[in-house]
Amino acid sequence: MADRMRVERLEVSVGGLSRRQLMTSLTSRGILVNGNAETLLEDVAFRDRSPRPVVVTERTVAELGLPGGATLPQIFEVAQQQGLLLCPVDTGPYLRLGLNGQMESRDSVMSSGRAPDGGLTVAAEVLSHDDEYPKGFYLRVVDGQAWLRGYRCDDEHMWSPDDRFIFQLPPSA
């Protein structure tokens, strides 16, 4: 699709803000968060850490070689076999702060049991294997409003071939 910005290579500074500073930064830029994102932001993974550069890229499930779709564990395994890395757990909010020009969703449905149109799911290690605990973040723009949203799914959920993920590039890339 030529009508949207694709993340080919983007360096993001991840870390360096306390939880409170991070939330203030998101709020001051008009970025909305859902309850699942708030739950993730309260996790110990978001304790104060020194900032570090993380270089990310975007791939669809089909571009990873999974044209029929796949589960999250399958997507992560195939991506890692191709040399892509999972992002640090705290990448999502910093990516949301640093990513401009994300395609606006064509629909405004916020929760439908599938990845939303225009959403970018941040591929990161899951913090809990409890299916009721959010698995990670995705970024979305709805009606001109930037969102940082958390999502939940189980290991059986099938992601579609068009679903878009953000992975970390290895340091040498």
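Read-outs: derived from the displayed coordinates by stated rules, not from any lab. Nothing here was measured: the structure is a model prediction, and the numbers come from that model. Glycine also receives a Cβ, built like all others from the backbone with ideal geometry; neighbour counts cover every protein chain displayed.
The figures follow:
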item	result
Contour excess over end-to-end distance, with Cα ends at residue 24 and residue 129 and 0.36 nm allotted per residue	34.9 nm
Integer Hz, Karplus 6.51/-1.76/1.60 couplings in order for segment 147-154, x for Gly and Pro	10, 10, 10, x, 10, 10, 6, 9
Kirkwood-Stokes translational diffusion coefficient of the chain, alpha-carbon pairs, 25 °C, 0.890 mPa s, µm²/s	152
Structure-based [θ]222 nm, the chain - -39500 (n - 2.57) summed over DSSP H runs of at least 4, per residue, nearest 500	-5500 deg cm²/dmol
Within the chain: Cβ-based charge dipole about Cα centre, in debye rounded to nearest 20 (Lys, Arg +1; Asp, Glu -1)	660
